Amino acid sequence: MPSVSSRELDPTERRAIQKLIKAKCANYDWEYGCLLLDEDCPMMIIGFTNSALCKYFRNVVLYYDPGLQVLFQDGPVRICKNCGSPFPASKNKLYCSLKCSEIARRRKNAKRNRKYRGKCSQT
C-alpha cells in the first residue's frame, strides 16, 4: 500500500483546493479573503502536503473531498478498484464509497448471470 509522505502539490491539486475553499469555506469571502485573518487565505497558496493547515479547513472543508483528504493524512492509502481514486485504508475496504461498491456488485452479478445464461443455452 502506498503511503502519503511530504511532497509538493501539483497544480491540479492546488486548483482543487482553491475551488473547494471558494465553494465550501464559510470563512472565505471573494472580496476580502479569509475573514478570520483579515487577509488572503493561507490555504490558497499552500504548496506542500506537510504545510500547516487551517483548522477550519482540515476539520470542516476537507471533509467534502475525500480525494484531497487523503493527500493530507498520514498513513496507508488504497486505490478504489472501481473508480481508481485514492482513499484512506481501513480494514478490508476495496472501494472508496458505497456507490462504487454497489456498481462493482452489479457488474459482478451481471458477469455471473451472463456466464450462467451461456451454460444454459449450450445444453
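The values are calculated or read from the model by the stated rules, or taken from the named source; none is laboratory data. No experiment lies behind these values; they were computed from the predicted model shown. Note that we place each Cβ from the backbone using ideal geometry, even for glycine, and neighbour counts take in every protein chain shown.
Listing for the model above:
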{"item": "Residue match in region 76-85 (condition: closer than 30 Å to Cys34 by Cβ and under 17 Å from the mean Cα position of the chain (by Cα))", "result": "yes"}
{"item": "Flag if Ser90 is polar (S, T, N, Q) and more than 15 Å from the chain's Cα centre (by Cα)", "result": "no"}
{"item": "Number of positions in region 1-24 that are modelled with pLDDT of 75 or more, over 14 Å from Gln69 (Cβ atoms) and out of contact with any strand residue (DSSP E or B) (no Cβ under 9 Å at 6 or more places or on another chain)", "result": "8"}
{"item": "Matching residues in region 73-123 - criterion: being within 28 Å of Asn59 (Cβ to Cβ) and hydroxyl-bearing (Ser, Thr, Tyr)", "result": "Ser85, Ser90, Tyr95, Ser97, Ser101"}
{"item": "Criterion violated by Thr123 - all others in (1) at pLDDT 75 or above; (2) more than 30 Å from Leu36 (Cβ to Cβ); (3) among the β-branched types (Val, Ile, Thr) satisfied", "result": "(1)"}
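Results for (1) in a loop (DSSP other than H, G, I, E, B); (2) in contact with a helix residue (DSSP H, G or I) (Cβ under 6 Å, 6 or more places away or on another chain); (3) among the hydroxyl-bearing types (Ser, Thr, Tyr), shown as yes or no for each residue.
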| position | (1), (2), (3) |
| --- | --- |
| Lys81 | yes, no, no |
| Ser90 | yes, no, yes |
| Tyr95 | yes, yes, yes |
| Cys100 | no, no, no |
| Ile103 | no, no, no |
| Arg112 | no, no, no |
| Gly118 | no, no, no |
